[in-house]
Amino acid sequence: MVLHHTFIDTAKQYGNKMYIIDRTTNRRITYSRALIASLILSEKLRKYDPGFIGIMVPTSAGSILSILASLMSGRVPVMINYSTGAAQNCEYAQKKCAFKTIITSKALLEKIQCPVVPGMVFLEDIMASIGIVDKLNAALRAKLPTPLLKKTVAQGHEEDNIVILFTSGSEKDPKAVQLTHKNIIANLKSLEQVYEFSSADSILGNLPLFHVFGQTAHQWLPIWCGMTVVTYANPLDFKGVCDVVREEKVTIMAGTPSFFWGYVNKSNPGDFESCRIMLAGADKCPDALRKIFMEKHGKVLLEAYGCTETSPGLTVNTPQHNRPGSVGRPLPGVRVRVENYETGEECKVRETGKILVRGDNIMKGYFDDFENTSLAFRHGWYDTGDMGWVDEEGYLWHVGRLKRFVKIGGEMVSLIKVEDVLDKILPEGAKCCVVEIPDQTKGARIVAAVTQQLDEKEILKKMSEQLPNIALPKNFVVIPDLPQMGSGKIDFRTTTNMVRDMVSK
């Protein structure tokens, strides 16, 4: 099974049902029209080099159809991050994956002030080149019986790459993750089972498709279930997102905690009335965020956990099985092992260790990177690089990246834990990011970056009630706007560099 063929099945089955409601361009596209459009576009893409093809288009009908058309034309989409350093990201992707062509749009380049990179092809020019013959040919092909129609597009195998995604690069240079049709299908099957998704659902599509959360939830889940996707290209237009959810009666929302903070702050009562699933992932969901959603909207924010390399879902909380604070239980088909980071032995219940996983959703490997692929797998288990523990009922509690643990005076201190305690004490609206910087005497020092000036003595006094002295920040620095990745995650690498510069001065 390959997912561009699944799209043909779904389009044939649901025909005149609304598939994409694009609120950025005010276009409404049925499954039938999307099938014709993707067939036209796939023919246009055949003239470019085979193999990889870059896609740098905001979440929209254009990006969804470009991905489908790429696969139907026998090409594998390489998704490029346009949120920061777009031109450099294009060149990095071209060099890393050895391809030339990048599908993008003039409107995007103008908006983000990105120079034209050699190899760029504009959607506006492709659209202008479509003639009546192209439309008639595609319309006639779309009428073919499903088995015949599938023979007119690229074939493929479940082990083939469906997409190349880059890791966030929040800690070091991005790696090119190869996800296969089998990987994403495994995740879709699991998610459909635990959340009982159906064609009656409509999902908000506002996460970038260069991020795995958006790729699975917005690109492939609607096709898998025959649901409607309501796209909105700017997840940071918090008021706009609230309006879209209310007006289009969206039933499923997924996002990062930082995005959900924006939505709840800009929302009015009733904005999320239609939502039955609100899923927070990609970062720790604070208790305060869950609380305010319940108080303001009577909605439960469910926390989940995953990685780019795992397509992404690993563990989830569901309406039936929800333990706030945990990241939920493993999805069907996913196995989780927590092992001691020094001995490699499996941890006991409630004992913190490294999180390892296995299942059909785990990536093929990093493209052209044997070393990092080898380091990521141990005896068939993928090492997430995260730390956590499992409780008596099988819920996983995530306590942070191993890289976000710091050894001070022989003790392992979780920066996430320090962050969590500080977050609960901060004044409303304030945010924090806790980092480590080198220290000549103790090897490392903990510094808290906060978004506003604080009474440090009072804050430290409250923190000391929950943390040992060794885990208390030695400095506070004020950074009014903590740097973020395009996904909404805090950019730890940039934040750490900023803190180091500020402290050294």
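Values quoted throughout were computed directly from the atomic coordinates according to the rules given, and no laboratory measurement underlies them. As the structure is a prediction and not an experimental result, all values here were calculated from the model. Cβ sites come from the backbone with ideal geometry, for glycine too, and all protein chains shown count toward neighbours.
The table for this structure:
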quantity: Nearest-20 debye value, the chain charge dipole, Cβ charges on Lys, Arg, Asp, Glu; calculated: 940 debye
quantity: Cα→Cβ-extended label distance, 7 Å offset, between K143 and V349, nm; calculated: 6.5 nm
quantity: Signed unit charges on C-beta, dipole axis of the chain, positive-most listed residue A128, V349, T256; calculated: A128
quantity: Unit charges at the beta carbon, dipole of the stretch 409-504: most positive-side option, P473, V499, A444; calculated: A444
quantity: Most to least packed among 327-333, 125-131, 59-65 [average Cβ atoms within 10 Å]; calculated: 59-65, 327-333, 125-131
quantity: Inter-centroid distance (Cα atoms) of the stretch 377-393 relative to the stretch 22-40, Å; calculated: 41 Å
quantity: Dipole moment magnitude, nearest 20 debye, the stretch 17-75 about Cα centre, only Lys, Arg, Asp, Glu C-beta charged; calculated: 200 debye
quantity: Space enclosed by the convex hull of the alpha-carbon atoms of the stretch 409-504, per residue, Å³; calculated: 104 Å³
quantity: Spatial separation of Cα centroids for the stretch 428-471 and the stretch 143-222, in angstrom; calculated: 40 Å
quantity: Across K249/K291; K17/K143; K291/K431, pairs whose alpha-carbon gap is larger than 20 Å; calculated: K249/K291
quantity: Neighbour-limited loop hits for trypsin sites (Lys or Arg not before Pro), the stretch 291-382 (at most 13 other Cβ within 10 Å; DSSP other than H, G, I, E, B); calculated: K348, R350
quantity: At q = 0.12, 0.14 Å⁻¹, base-10 log of I(q)/I(0) for the chain (Debye sum, equal scatterers on each alpha carbon); calculated: -1.14, -1.52
quantity: Relative contact order, percent, the chain [alpha-carbon distance under 8 Å, six or more residues apart]; calculated: 11 percent
quantity: Spatially proximal lysines relative to K189 (Cα-Cα < 21 Å; intrachain offsets below 8 disregarded); calculated: K12, K364
quantity: Potential extension, K457-K489 segment - 0.36 nm per residue separation minus Cα distance; calculated: 8.6 nm
quantity: Value of [θ]222 nm, deg cm²/dmol, for the chain, DSSP H segments ≥ 4, -39500 (n - 2.57) each, nearest 500; calculated: -10000 deg cm²/dmol
quantity: Among beta bridges that DSSP assigns inside the chain, antiparallel share in %, nearest 5; calculated: 60 percent
quantity: Given charges at Cβ of Lys, Arg, Asp, Glu: the chain dipole, positive-most of L165, G270, L45; calculated: L45
quantity: Mean separation of Cα contacts under 8 Å (6+ apart) over length of the stretch 335-390, as relative contact order %; calculated: 41 percent
quantity: Restricting the stretch 157-250 to GluC sites (Glu not before Pro) in coil, as DSSP defines it, with at most 15 other Cβ within 10 Å; calculated: E159, E171, E196
quantity: Cross-link table K424/K457; K239/K299; K100/K175; K96/K489; K100/K135, entries beyond 20 Å C-alpha to C-alpha; calculated: K96/K489; K100/K135
quantity: At least 20 Å along the helix axis (C-alpha) and Kyte average at least 0.0, DSSP helices within the chain; calculated: 31-45
quantity: Dipole magnitude of the stretch 270-372, debye to nearest 20 (Cβ charges: Lys/Arg +1, Asp/Glu -1, about Cα centre); calculated: 580 debye
